[in-house]
Amino acid sequence: MADVTKETLDALAARLTEVEGYLHIDERRGDVANLEAASAAPGFWDDAAHARDVMARLASAKDDVAGIEAAQAKLDDALAAYELGCETEDEDLLAESADLAESLEKDLSELELSSWFTDELDHGDAIVTVTPGQGGLEAQDWCEMLFRMYQRYCDRRGWSVTVNDAEPGEVIGLDRAMFTVSGKNAYGMLRAEQGVHRLVRISPTDAKKRRQTTFAGVEVLPVLPDDVEVEIDPNDLRIDVFHAHGHGGQGVNTTDSAVRITHLPTGIVVTCQNERSQIQNKAFAMGVLKSRLYEMELARRAEEIDELRGPKTDIGFGNQIRSYVLYPYQMVKDLRTGVETGNVDSVLFDGDLDKFIVGYHRWSTGGGGQQ
């Protein structure tokens, strides 16, 4: 934001007021007081599961209140610097006001996102799976590129990533990548990425340097809280164990620590091989299976196959949600929202995805996508 005007600051103030309303900030302040009182009660930690739930709700309420208060302080500082800068014709103060306004705009986008996440699962962790689609071996390279892009995006947001399965491709890339993302609103944010992603570029493996189009699919599932029950009949499971392998085919260990679980009634297959032991791999695979079965049950109850994952489509032509074009021009464009950028490197190599993810959530809540 190179320049700042009174109209700009007034618009930010109005936006802040709207966000306060979305978040019911006065109620959230009351929640903080009530939950703090509850956490100080004798015997609070006697029920550990209940105590953890209360503390998580308290942390969330405090974050909302602190975010609004910090935004209000930043707005006050921006207004003060602007008014004094206009009175004294001090360019440094006007520049400071512009910087504060730009920072405040980003803060408000974050607060707006929180207000759009109405499902409790939105505020929790996510399990992301990337699989190659049409495009032959190069789709496996595209799968790995997306995997790296999401790792960088998570780094930018301060989220932690645990790689659960990264199966090497036949020649290049990955045949599958599954990882858990832990952080505030991780699932709510990342469900914007669910769908087919299309890459257009000069083939790095073609001696004739022809243009190649490849596809990869991204699935995003919530990590279910402990209090969500999903019943699974052990007789419905086939559990296979095998040697775990690292990227490139190197043996991770000499024991059958990797686990593949097949749910026979649905045909769902979950593989995990990156944990230290067979027990850990099995526990994680069961967690993913429960998340997928939970998702299916929600879809069945709502009679909407896109309750969490969106409609099933082939990972190929005509089904992409976003295109990444490296040749003959450079552009990343989300086909749902119209949000686009010509800075492809910032997206693929620096993980600069916020404009697309925020744009998706604004679009999905009726606020429009292109900014």
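Summary of values
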quantity: Inter-probe distance in nm under a simple model that places probes 7 Å from Cα toward Cβ, at Phe242 and Ala14; calculated: 6.0
quantity: Relative contact order (%) - criterion: Cα under 8 Å, at least six apart; region: the range 6-116; calculated: 35
quantity: Likely footprinting exposure, Ile68, Ile268, fewest C-beta neighbours within 10 Å first; calculated: Ile268, Ile68
quantity: At least 27 Å along the helix axis (C-alpha) and Kyte average at least -1.0, DSSP helices within the chain; calculated: 48-88, 91-116, 278-302
quantity: At q = 0.20, 0.24, 0.31 Å⁻¹, base-10 log of I(q)/I(0) for the range 1-56 (Debye sum, equal scatterers on each alpha carbon); calculated: -0.78, -0.92, -1.11
quantity: Relative contact order [Cα under 8 Å, 6+ residues apart], the chain, whole percent; calculated: 14
quantity: Beta bridges by DSSP in the chain, antiparallel share as percent, to the nearest 5; calculated: 90
quantity: Rg and Dmax of the range 97-253, Cα atoms only, in Å; calculated: 19.0, 65
quantity: Rg/Rg_globular for the range 6-116, with Rg_globular taken as 2.2 N^0.38 Å and Rg from C-alpha atoms; calculated: 1.39
quantity: Value of Rg/Rh across the range 124-371 [Cα atoms, Kirkwood radius]; calculated: 0.97
quantity: Residue of Phe356, Phe242, Phe215 that the Gaussian network model of the chain assigns the largest fluctuation, springs spanning Cα pairs under 10 Å; calculated: Phe242
quantity: Residue exposure sequence - Glu27, Glu144, Glu89 - by fewest surrounding Cβ within 10 Å; calculated: Glu89, Glu27, Glu144
quantity: Per-residue Cβ neighbour rank within 10 angstrom, fewest leading, Arg362, Arg176, Arg191, Arg210; calculated: Arg210, Arg176, Arg362, Arg191
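Read-outs throughout are calculated quantities, based only on the coordinates presented, and are distinct from any laboratory measurement. Computed from a prediction, not measured in an experiment: that's the story for all the values here. Here Cβ is always computed from backbone atoms with ideal geometry, including for glycine, and neighbour counts include all displayed protein chains.
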